[in-house]
Structure formats: structure tokens, C-alpha cells
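Here is the structure we will look at.
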Amino acid sequence: MEKVRIGVICPSEIAFRRFMPAIQKCENAEYIGVAHASTEEWDGNIPNGLVEAELAKARSFQKEYGGKIYDSYEAILTTSDVDAVYLPLPPALHYKWARKTLENGKHIFLEKPSTTGLKDTEDLINLAKEKGLAVHENYMFSFHKQLEEIADIVNSGELGDVRLYRIAFGFPRRAQNDFRYNKSLGGGALLDCGGYTLKLASMLLGNTAKIATSKLNYMDGFEVDMYGSATMVNDAGMTAQLSFGMDNSYKCELEIWGSKGCLTTGRILTAPDGFEPMAEIEVGNETRTVKLSADDTFKKSIQKFCRCVKDDGERIRNYAEIVRQAELVEKIKEEKLWRS
């Protein structure tokens, strides 16, 4: 199969550390080059030293992985060298540059979240449909083999009937200048770690799952939500309790509480390439530890994107998944009464 030629907008840390090693392993994708910002693209309000900093990072990309350096984001959108763009900019910039990408006839591979609002996500999907282009949101954990293996344990009946799912994802406070704490850049716990918990709960509960309750919590000195919680319930009455935050002790847990036993695992959303997750299973008075498989989820996510580029059915199914995720996030954002 002909390779999808992919360029990168912005030489970000995640692009260098995760995307670049992964694309080297993909038989159906090829890295072409990276673009750094130009002064004009920031409407004259470019942060001091940003162009120089991005150029230096782009040179690091070229030194390590080869490829071309494009002297503006626009340049990589208009070149005939690439078929698709990987976009790891802060969330508030996703809509603008994803739309420009689609308008220029190129497929778009977005870091999560797709955008900061349902309306913008729907607009991107509608434009992509019109042009027959792929849009992919990089919740890469969803491709990890450990999810299949955990499902096999549940289906074996060892835990009995599932009574409750608990999903928790949070991490300690980062540097004050981190984009996650900046409202204008699309910060906030819901859009960041909260999105992961919603995605996993939606996978576990299915398409009938709805937000039953939710709460976003704010703290003095910060303009974005810092932590939160939600409950999701499907038509069969199955429930998932979610908690998330970015001023928390670290947790990345899935707990499945059954009528006979309980399963808990601690790297359900963030297992890196080669890492072997562990699950603890308690049944009665006995506890055992199960080693789950290692996997390369970023590679699998890129491969999924390439399938969306090549296959109409895959692309259409992916559109629906992205809109579904945006709808769940929007529902929590709209729950004004729960804001504290």
C-alpha cells in the first residue's frame, strides 16, 4: 500500500518523544518534515523568542530523523510534499489549524482533544466529509492490547457480574506556564485528563452511555477547572464513576468491581511503548497479579489514521467516535449548576 506522507506542525515535545519514534515503525506512513511558526501567523502577537525556539527544535528533528524544515505552518499546508498533517499544538489552536489543513485538501491527525468545543469539532467533521478527508483524534490508549486482555478476564466470569467501573486519572501540578493552566490555550482538567476518563468509560459502557452527574472544581489563582468528577450510566444501568485532576497525587487507574471479585490496574491510560502493565485480581481471600501485554499505542494510532485515509468506512466510523467524545465533554461543560 502506498505510504501516507505526513508532516508535523510545530516541533513539540510529544512530537519528538512519541510521534517520531512511532512513525519510523509504520509501514503505511512516512515522515516528510516539520514546520515551525512564522511571525505573521501569530498576527504580530507572537511570544518573545518563539520563532527562534521552534526553529532550534525543528533542527533537532532534522538532525535526529531527517526530513525537511518548513519555515511556516502555512508552508507545510500548501506543499505537495505531504498528504496529511500531525498537529500537536495546544488545544485552543486545533480548530484554526485543522480547518486550514482540511481546506488545503490534507488529512489531519490531531492530538486530543479534537477541539475545545463541540461546535468546532462538528464543523471540522462536516468539512472533512465534504472533502473526503480523514480526521483522527489521538486517544492512543484505546488501542492498547491490555484493554482486550482485561475484557477477556471479565468475560471469563472470574469477577462475576460487573457492578461498577471506577476510572481515575490525575497528576501533580505542573509548572505555572504549562498550557494546561491557560484558558486562552484551551487548558483545564476536563479537556486534558478528563477526556481520557470519558473516552474509556464510553468504550466500556457503549454508545448508550450518558452523563448522569458531573462537577468541575476551580481553585483560587487559576482560571481553569483544576479537578472534577462525573458519573456515566448506560441504558442497561451499568455505571462508571470518573475522577480527574491536574493538582492531584498521581493516579491512572481502572477498577472493575464485580459480584465475585475485583480487578485493578494502574497504567490503563498512559502505558508507554514496551511497558508491561500489571493487573491485580481479588476473589474472596485470594489475590493474584496478572502481567498484561506491552504494546505500542502511538504506532497503532498512526496506523488507524492511515486506514482512515485509505478506507471510506473506517473514516466514517472514526468521524462518529470523535463527535461522540466531543458531545460527552460538552455535556459536562454545560452543567453550570455543578461549578464550584
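The values are calculated or read from the model by the stated rules, or taken from the named source; none is laboratory data. For clarity, every value in this text was computed on a predicted model and none was experimentally measured. So basically every Cβ, Gly included, is an ideal-geometry build from the backbone, and we count neighbours across all protein chains shown.
Quick notes on this structure:
- Some residue of region 324-334 being in contact with a His (Cβ under 8 Å, 6 or more places away or on another chain), under 27 Å from N126 (Cβ atoms) and either buried (at least 16 other Cβ atoms within 10 Å of the Cβ) or not assigned by TED's automatic domain parsing to the domain that holds T208 (or both): no
- Checked against (1) out of contact with any Lys or Arg (no Cβ under 9 Å at 6 or more places or on another chain); (2) surrounded by 16 or more Cβ atoms within 10 Å (Cβ to Cβ), N285 passes all but condition (2).
- The set of residues from region 230-267 being within 22 Å of E148 (Cβ to Cβ) and either charged (D, E, K, R) or not assigned by TED's automatic domain parsing to the domain that holds E158 (or both) comprises E253, E255, K260, R267.
Here is a yes/no grid of residues against (1) surrounded by fewer than 16 Cβ atoms within 10 Å (Cβ to Cβ); (2) touching a Pro at 6+ places or on another chain (Cβ under 9 Å); (3) without any contact (Cβ under 8 Å) to a residue 12 or more places away in the chain; (4) of a type in the set (V, I, T):
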position	(1), (2), (3), (4)
K131	yes, no, no, no
V154	no, no, no, yes
L159	no, no, no, no
N207	yes, no, no, no
T213	yes, no, no, yes
D225	no, no, no, no
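- Here G195 meets the list (1) of a type in the set (G, A, S); (2) outside any helix (DSSP H, G or I); (3) at pLDDT 95 or above almost entirely, failing just condition (2).
- Number of the condition not met by A175 [criteria: (1) modelled with pLDDT of 95 or more; (2) among the hydrophobic types (A, V, I, L, M, F, W, C); (3) out of contact with any helix residue (DSSP H, G or I) (no Cβ under 8 Å at 6 or more places or on another chain); (4) assigned to a loop (DSSP other than H, G, I, E, B)]: (1)
- Complete set of residues in region 198-218 that are in contact with an Asp or Glu (Cβ under 9 Å, 6 or more places away or on another chain) and in a loop (DSSP other than H, G, I, E, B): G206, T208, A209, Y218
- Only one entry of A29, A35, A53, A58 meets the criterion of being over 30 Å from D311 (Cβ atoms), out of contact with any Leu (no Cβ under 7 Å at 6 or more places or on another chain), buried (at least 20 other Cβ atoms within 10 Å of the Cβ) and assigned by TED's automatic domain parsing to the domain that holds D311, and that entry is A58.
- Positions within region 15-26 being assigned to a helix (DSSP H, G or I) and touching a Phe, Trp or Tyr at 6+ places or on another chain (Cβ under 9 Å), in sequence order: A15, F16, R18, F19, M20, P21, A22, I23
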